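The values are calculated or read from the model by the stated rules, or taken from the named source; none is laboratory data. Every value quoted in this text rests on a predicted model; they were computed, and no experiment measured them. Backbone-built Cβ (ideal geometry, glycine too); neighbour counts: all protein chains shown. Surface accessibility is based on the protein's heavy atoms, side chains included, excluding ligands, DNA and RNA. Shrake-Rupley method; radii C 1.70, N 1.55, O 1.52, S 1.80 Å.
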Amino acid sequence: MQFGILVNEGPYNHQASDSAYLFARAAIEKGHKIPRIFFYHDGVNNSTRMAEPPQDDRNVTTRWSKLAQDHGIDLVVCVAAALRRGIKDELLAPGFRISGLGQLVEMGIQYDRLVTFGD
Amino acid sequence: MSDMDDMDDGSGIIKKFMFLNRKAPHGTVYALEGLEVVLITAAFDQDVSLVFTDDGVYQLMKGIDTKGIEVKDFSKTYRALEGYDIEKLYVDRTSLDARGLTEDDLIVDVTVLADDEMANLMAEQDVVISF
């Protein structure tokens, strides 16, 4: 099955992005496909390579980048939500790109399921 | 919103998208940014339904005035939805009742649904996005 994932909350402040990551990993392990993950609202804050969490904590952003690289996942950050929060192309971690909300709608149209992680 | 005409993913597929608006219009950004997704989805010619439930019913309340909190008042966007062919607006009766509101308190025409009717409507959808 093809799953699309929508992440609506920022890292560390809220568990939504952790849950989304764990769901994505579990779905892939079960043989499902996750072609794209879309980051909206404060979820866009998952994408910045400027984040430096303490050494003894998980690094949410690099975890997304690795998952994307290992499994060919398209990590899309909403442009309007990103600009509002100061997320720019030059700040993006590997595997992320900025694009429009149309990319989210396409996920709903084309994939078997769209799963939202948020508050 | 001028970039929203004639969007198409090329598949010709039309799915039933439900947007579940659960939050008050102000206090968090969910309602404002959620509306953006609704408008884009309509521009893709999808079958869009909007549901207002929990504190989301306050999004449609008459007489919203944001001057005191110095944020944008986007409530007029709900009146403009018809212009985007978004005409399926549903409000959860339980949520209205719990807040002492009736249809007369709302700025647009809606269909008020009981819990079981709402559940049936949700079950018909292909995609449910919750804000």
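Structure summary
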item	result
Selected residue [within 14 Å of chain B (Cβ to nearest Cβ), surrounded by fewer than 22 Cβ atoms within 10 Å (Cβ to Cβ), under 23 Å from B:Glu33 (Cα atoms) and not hydroxyl-bearing (Ser, Thr, Tyr)] from A:Gly108, A:Gly43, A:Gly86, A:Gly100	A:Gly100
Positions within region B:41-69 being open to solvent by 20 Å² or more (accessible area, probe 1.4 Å), within 14 Å of chain A (Cβ to nearest Cβ) and either in contact with a Ser or Thr (Cβ under 6 Å, 6 or more places away or on another chain) or part of a helix (DSSP H, G or I) (or both), in sequence order	B:Asp54, B:Asp55
B:Thr77 being of a type in the set (S, T, N, Q) and in contact with a Lys or Arg (Cβ under 8 Å, 6 or more places away or on another chain)	no
Total residues in region B:9-40, condition open to solvent by less than 20 Å² (accessible area, probe 1.4 Å), assigned to a strand (DSSP E or B) and under 16 Å from A:Met107 (Cβ atoms)	3
Residue match in region B:77-92 (condition: open to solvent by 70 Å² or more (accessible area, probe 1.4 Å), in contact with a strand residue (DSSP E or B) (Cβ under 7 Å, 6 or more places away or on another chain) and either at pLDDT 95 or above or under 30 Å from B:Met7 (Cα atoms) (or both))	yes
